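Just below is one structure, and these are the notes that go with it.
A short reminder: the numbers here are calculations on the coordinates, not readings from a lab. Because the structure is a prediction, the values reported are computed rather than measured. Every residue, glycine as well, gets a Cβ built from its backbone with ideal geometry; the counts of neighbours run over all protein chains shown.
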Amino acid sequence: MRAIAVSAFRAEPCLVEVPKPGPGAGEVRVKVEYAALNPLDWQTADGAPGEAVPHVFPLVLGTDFAGRVDMIGSGDNTFRVGDPVFGRVTAPPLGRCGAYGEYVCVPQDSPIALVPPGVPLQVAAALPSAGATATQILTSTAVRSGLSLLVIGATGGVGSFLTQLAAARGTAVVAAVRGDEGRRMKALGATATVDTTSGPEALEAAVRDLYPGGVDALVDLVSTDTASFASYAALVREGGVAVTTRGVAAPPGIAWADFRLAPTAAVLDELASAVARGELAVPIDMELPLEKAPQALAQNRAGGARGKTVFAV
């Protein structure tokens, strides 16, 4: 089957032919129709999980997928052949089955769920990682109605979902954007947007003007160094909370959470149902053929994502 893979960590991803995987006991095989790009995909290619994590080469990339059940392994069945499903690849070894391939095998008790009627498969493919991250971040920050939330990196997939979900709770979302993205983020529910093109000083001044005593919560989706994270965390009021998704060390004097995604099928069901009801918009920025994945990964690594990129497999 066709797949996007790397022959070694830090090698360039490329289109290759690999054997079609077969489902083991308790697994289903899905004929993938769409896969979605996540930063974790190029981080995996760069060796971010570490050599100690079980892995095989060629390592097929990709985490999020949507398609139809093609084959069912032995054991109890949750799904039937032909079911439209979407989910997230989590089972080791890394690279045995990735979403950037024509087929993927996943355990039936992993984060995989049925696609509701009326939800296109390319939309469902964009949900698992970004949508579940946004959902679980809101739980970790304990953001309640009437509170304020500053989102750094708001225009990407996670930020777009986070803005909508927080706004639906009555939370006042301040979205940090670059350039002309303010209108789109306000359409997704942001109370205010701040253009960061002029630098961090402009952001600080704008947030201080809106919330002189500080925002109640911060979610920083982009900072990879303590200094940047600390400068944003300084905009949080005393007793507030700052969340990072990039493993950055905690700044002094602020409640802090280093977020780690733990997706479940129940969370995916909740997200897909919200999409089916028209309560959650899925921000797909680009749809590309699978062979364009290497270029898209390089572009995502450079930063500035606007919504989600999906690949037609």
Task: C-alpha long axis of helix 157-168 to longest principal axis of the chain, angle in ° - done: 60
- [ ] State the Cα centre-to-centre distance between the stretch 217-262 and the stretch 1-44 in whole Å.
- [x] 32
Open item on the list: Below 20 Å, Cα to Cα, which aspartates and glutamates can LYS292 reach? Residues fewer than 8 away in the same chain don't count.
Closed with: GLU12, GLU17, GLU33, ASP41, ASP46, ASP64, GLU102
Task: Value of relative contact order over the chain, rounded to a whole percent, pairs C-alpha under 8 Å and six or more apart - done: 19
Task: Kirkwood-Stokes translational diffusion coefficient of the chain, alpha-carbon pairs, 25 °C, 0.890 mPa s, µm²/s - done: 123
Open item on the list: Sort 181-192, 145-156 by packing, meaning the average of other beta carbons within 10 Å per residue, with the highest value first.
Closed with: 145-156, 181-192
Open item on the list: Based only on other Cβ atoms within 10 Å, what is the fewest-to-most ordering of THR245, THR226?
Closed with: THR226, THR245
- [ ] Provide SER74, SER231 in ascending order of the number of other Cβ atoms located within 10 Å of each residue's Cβ, fewest first.
- [x] SER74, SER231
TODO: Averaging sequence separations of C-alpha pairs under 8 Å and six or more residues apart, then dividing by the length of the stretch 26-172, give the relative contact order as a whole percent.
DONE: 25
Task: Dipole magnitude of the chain, debye to nearest 20 (Cβ charges: Lys/Arg +1, Asp/Glu -1, about Cα centre) - done: 300
Task: Debye intensity ratio I(q)/I(0), log10, the stretch 1-149, q values 0.09 Å⁻¹ (C-alpha model) - done: -0.30
- [ ] Treating the angle as unsigned and between 0 and 90°, give the value, to the nearest 10°, between the Cα long axis of helix 128-141 and the longest Cα principal axis of the chain.
- [x] 40
TODO: Kindly provide the helix-only [θ] at 222 nm of the chain, computed as the sum of -39,500 (n - 2.57) over DSSP H runs of four or more divided by all residues, to the nearest 500 deg cm²/dmol?
DONE: -8000 deg cm²/dmol
- [ ] For a footprinting-style exposure proxy, rank CYS97, CYS14, CYS105 by other Cβ within 10 Å, fewest first.
- [x] CYS14, CYS105, CYS97
TODO: Quick one: angle between helix 265-276 and the longest Cα principal axis of the chain, in degrees between 0 and 90, rounded to 10, please.
DONE: 70
Task: Prolate/oblate/rounded call for the stretch 244-293, Cα gyration tensor, a/c under 1.5 rounded - done: oblate
Task: Sites PHE9 and SER198 - FRET efficiency at Förster radius 41 Å, r taken between beta-carbons, to 0.05 - done: 0.65
- [ ] Compute the distribution of all C-alpha to C-alpha distances in the stretch 129-258, in bins of 5 Å from 0, and list the percent of pairs in each, rounded to whole numbers.
- [x] 2, 12, 24, 26, 23, 10, 2, 0
